[in-house]
Amino acid sequence: MLRICHVLASVGEKGGLEKNVIELAGRQAELGHQVSAVADETMHPHFSPKVTFVAHPMSGGRLNPLNLAALKRRILGTGAEIVHAHANKAGQMVRSIRGGLKGMKRVATVQNIKSTAKPFQDYDAVITASGQVRDSLGGIPATVIWNSIEPPPVGTQEAAAATNPPWLGGEWPVFCTVGRLVPAKGMDLLLEAMAKVPGFKLWLVGEGLQRGELEAIIAKHGLAERVWMAGHRDDAVGLMGCADLFIVASRNEGGPYTLAEALHMKVPCLSTKVGFAPEFLPEGALMETHSIDELVRGLQWAMEKPEEVKALMEKPYALVAREVTLEAMTRKVLEVYSRL
């Protein structure tokens, strides 16, 4: 049995990063390890009761000495032998207090490409969510472990279809994108590209501060009859399964977690070259980031040659089913711990 303490610095939101940490901690606890999580109180409801939750206010400055001293006390109080920091802020905070964590091995997981690798120096082990992220760390040795999920249960797609989402079964194909409505997700670029490619409907699933801007783009291009702004949906994975195509338009991304979910649902996918997408998808299904023209190219290909797109997805489906599961990720992370 290992004594593990996860450190997560997110406040309030439960996106792909947070889901990854929550599910990993829960599965480790189910396997009999002693697992704690030091995180903001807003994250408490999401963790398994089998994980000992230790609340720490993560809205404070990452270099504030009093905040760091309190964080050190809470980590030490868990009695962990392995401290696993997730993403940039937690990585920097745990690195800052490394001198006070004597006897504890430190592991950091890096989700996104970094302009500086400093927060992840001096760790005993580093995990990255993709090969792209590993290559951005300037030579720091790292193990690539893809963000993974529990495969969606049987009936997920059928339950979403039963809610009667618009245009399902209609004349035009339905494409889907899912994510927080923030600039990093590239929803604005996708809508601009959609205005240039007729013939399909779009389910835009998610909520966030960019909603007003996206609604303005829809109005500008007269897309109201083609776009369903679905808001936050607990059945987002089921909606992916109902769609004819799933699209990731992100400018930058760690996973993308949603891509793994869509491939588990055996939905053809297009993605910008973010996160682990280049490791999963064939070249034709990949688009450069920050480019409306590239998104137009991808959408036109999907519209003109849907059977070709489907045929190219068989290998990604098999890869995800084999390697991008909660069981596989947990095993690989525990292997990293065992080498310390």
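The values are calculated or read from the model by the stated rules, or taken from the named source; none is laboratory data. Since this is a predicted model, take the numbers as computed values, not measurements. No Cβ is skipped: glycine too gets one built from the backbone with ideal geometry, and neighbour counts run over all protein chains shown.
Computed values, structure above
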item: Residue satisfying condition, being closer than 25 Å to Ser148 by Cβ and either in contact with a strand residue (DSSP E or B) (Cβ under 6 Å, 6 or more places away or on another chain) or without any contact (Cβ under 8 Å) to a residue 60 or more places away in the chain (or both), within set Ser36, Ser59; result: Ser36
item: Filter pass, Arg27 being in contact with a helix residue (DSSP H, G or I) (Cβ under 8 Å, 6 or more places away or on another chain) and in contact (Cβ under 8 Å) with a residue 60 or more places away in the chain; result: yes
item: Any chance Glu288 is within 21 Å of the chain's Cα centre (by Cα), without any contact (Cβ under 8 Å) to a residue 40 or more places away in the chain and farther than 21 Å from Pro165 by Cα; result: yes
item: Evaluation of Ala318 against (1) farther than 26 Å from Asn20 by Cβ; (2) aliphatic (A, V, I, L, M); (3) without any contact (Cβ under 8 Å) to a residue 40 or more places away in the chain (one fails), failing number; result: (1)
item: Count of the stretch 71-97 residues which are part of a helix (DSSP H, G or I) and surrounded by 14 or more Cβ atoms within 10 Å (Cβ to Cβ); result: 15
item: One residue from Glu225, Glu213 being in contact with a helix residue (DSSP H, G or I) (Cβ under 9 Å, 6 or more places away or on another chain) and acidic (Asp, Glu); result: Glu213
item: Given (1) surrounded by 14 or more Cβ atoms within 10 Å (Cβ to Cβ); (2) assigned by TED's automatic domain parsing to the domain that holds Tyr257, index of the condition Gly169 fails; result: (1)
item: Tally of residues being crowded, with 18+ Cβ neighbours inside 10 Å, at pLDDT 95 or above and either in the same structural domain as Glu253 (by TED's automatic domain parsing) or not in a loop (DSSP other than H, G, I, E, B) (or both) across the stretch 128-144; result: 1
item: Criterion: touching a residue at least 24 places away in the same chain (Cβ under 8 Å), under 24 Å from the mean Cα position of the chain (by Cα), within 22 Å of Ile127 (Cβ to Cβ) and in the same structural domain as Leu17 (by TED's automatic domain parsing) - qualifying residue of Ala80, Ala90; result: Ala90
